[in-house]
Amino acid sequence: MTIRVDEHVFIVKKILSCILKKPMRLKDVWKQAIKDSAPINRTVTVFYWLRDNGYIKKVGEGHNDPYEITEKGRKFYECI
């Protein structure tokens, strides 16, 4: 598998900048990816990577609850 780092960094920045403004559901992130012409499959992969590494977290316990950026995510966003 070939990883296009520049594309992934763009997607990371886009997701974190959107969630930084307001908590978002995964569905909203998909819509934003479509709007920005980003590949959906890569966007979802990056979204789950951000979640699994503690950069974003779900606000509640419900299936459709939005995600918010964590302090770790804010620091990461400032570095990229």
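Just a few scattered comments:
Residues are listed down the side, and each one gets a yes or a no for (1) surrounded by 12 or more Cβ atoms within 10 Å (Cβ to Cβ); (2) at negative phi; (3) at pLDDT below 95:
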{"position": "I11", "(1), (2), (3)": "yes, yes, yes"}
{"position": "I15", "(1), (2), (3)": "yes, yes, yes"}
{"position": "K27", "(1), (2), (3)": "no, yes, yes"}
{"position": "A33", "(1), (2), (3)": "yes, yes, yes"}
{"position": "N41", "(1), (2), (3)": "no, yes, yes"}
{"position": "V46", "(1), (2), (3)": "yes, yes, yes"}
{"position": "E68", "(1), (2), (3)": "yes, yes, no"}
{"position": "E71", "(1), (2), (3)": "no, yes, no"}
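- Residue check for G54: in contact with a helix residue (DSSP H, G or I) (Cβ under 8 Å, 6 or more places away or on another chain), surrounded by 10 or more Cβ atoms within 10 Å (Cβ to Cβ), on the phi > 0 side of the Ramachandran plot and at pLDDT 90 or above: yes
- Tally of residues being over 16 Å from V12 (Cβ atoms) and hydrophobic (A, V, I, L, M, F, W, C) across segment 53-80: 1
- The one condition in (1) of a type outside the set (F, W, Y); (2) within 21 Å of I80 (Cβ to Cβ); (3) out of contact with any strand residue (DSSP E or B) (no Cβ under 7 Å at 6 or more places or on another chain); (4) not in a helix (DSSP H, G or I) that Q32 fails to fulfil: (4)
- Subset of segment 1-29 (residues that are part of a helix (DSSP H, G or I) and free of Cβ contacts under 8 Å to residues at least 12 places away in the same chain): V5, D6, K21
The values are calculated or read from the model by the stated rules, or taken from the named source; none is laboratory data. These figures come from a predicted structure and were not determined experimentally. Every residue, glycine among them, receives a Cβ derived from its backbone with ideal geometry; neighbour counts consider all protein chains shown.
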